[in-house]
Structures are given as C-alpha cells and as structure tokens.
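> Take a look at the following structure, please.
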Amino acid sequence: MELPKFLLGDNTDHPNSIFIVHTEYPRFIINLENDEVEWLEEFSREDEEELESEAESLIKAATAFYDREVSRYEE
C-alpha cells in the first residue's frame, strides 16, 4: 500500500490544532493553528540550504490539501 502524500491529523489533547502530516521526504508535521512545523528528518547544512527554498512550497501544498479536504466534507 502506498501512503498518501498528506494526511490530516487530529488529537483531543490539542483541540484547537489541525495537523497535516507530509509523508514523503522531507517528512514533517505542520500545525495549521500556528504554522509551527516539526521536521521528522535530520538535515545536513547543505540539505538545510536546499530545504529553505522547498519548504515554502511544501507548506503551501499542505494548506491547499487541508482546504481541499474541508471542502469535500462540506459537500
């Protein structure tokens, strides 16, 4: 089974938080309540420089995924 690129996460210990899990490299979890990102990878200094340019587009894609999912629930 292939995992989806993004997963929607919920946790009753954090009732106001909405978590999006990015399952592909670089893996991360973003909390849409405050845009806090937790990276699930270890990065070298070179990787960090490359990631800076990619991170913004990944976060936008995660937010777009959430918007799409919510719109599907509303239908």
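The values are calculated or read from the model by the stated rules, or taken from the named source; none is laboratory data. These numbers come from a predicted model, not from an experiment. Ideal geometry is used to build each Cβ from the backbone, glycine not excepted, and the neighbour counts take in all protein chains shown. Surface accessibility is based on the protein's heavy atoms, side chains included, excluding ligands, DNA and RNA. Shrake-Rupley method; radii C 1.70, N 1.55, O 1.52, S 1.80 Å.
> With +1 assigned to the C-beta of every Lys and Arg and -1 to the C-beta of every Asp and Glu, and no other charges, what is the dipole magnitude of the chain about the Cα centre in debye, to the nearest 20? Don't skip to the end; give the middle numbers.
Numbers: 6 positive and 22 negative charges, 79 e Å.
Using only the charged Cβ atoms, the result is roughly 380 debye.
> Over the chain, give the accessible area per residue in Å² for a 1.4 Å probe, as an integer.
Values: 5760 Å² over 75 residues.
Accessible area per residue, the chain: 77 Å².
> If you take the Cα atoms of the chain, find Rg, then find the Kirkwood Rh from the mean of 1/r over all pairs, what is Rg/Rh? Spell out each step's value before the answer.
Numbers: Rg = 13.2 Å, Rh = 13.3 Å.
A ratio of 1.00.
> If I model a spin label as a point 7 Å beyond the Cα along the Cα-Cβ vector, how far apart are those points for Glu46 and Glu69 in nm?
Placing both labels 7 Å along Cα→Cβ, they lie 3.5 nm apart.
> Something else: Which sequence of His14, His22 reflects their accessible areas, 1.4 Å probe, from the largest down? The partial results should precede the final answer.
Numbers: His14 90, His22 5 Å².
Final ranking, largest accessible area leading: His14, His22.
> Moving to a separate point now. Could you run the Karplus curve 6.51 cos²θ - 1.76 cosθ + 1.60 with θ = phi - 60° over segment 28-41 and give me ³J(HN,Hα) per residue in whole Hz, x for Gly and Pro?
7, 10, 10, 9, 5, 5, 10, 6, 6, 10, 10, 7, 9, 10
> How far is helix 45-74 tilted, in degrees, relative to the longest principal axis of the Cα atoms in the chain, given as a value from 0 to 90 rounded to the nearest 10?
Helix 45-74 sits roughly 10 degrees off the main axis of the chain.
> Once you have a ≥ b ≥ c as the square roots of the Cα gyration tensor eigenvalues for segment 30-73, tell me rounded if a/c is under 1.5, and otherwise prolate or oblate according to whether a/b is larger than b/c. It would help to have the intermediate numbers written out before the result.
Working: a/c = 3.23, a/b = 2.31, b/c = 1.40.
The shape class here is prolate.
> Rounded to the nearest 500, what is the 222 nm mean residue ellipticity of the chain from helices alone, with -39500 (n - 2.57) per DSSP H run of 4+ residues and division by all residues?
Numbers: 1 runs with 30 residues, N = 75.
Value at 222 nm, helices only: -14500 deg cm²/dmol.
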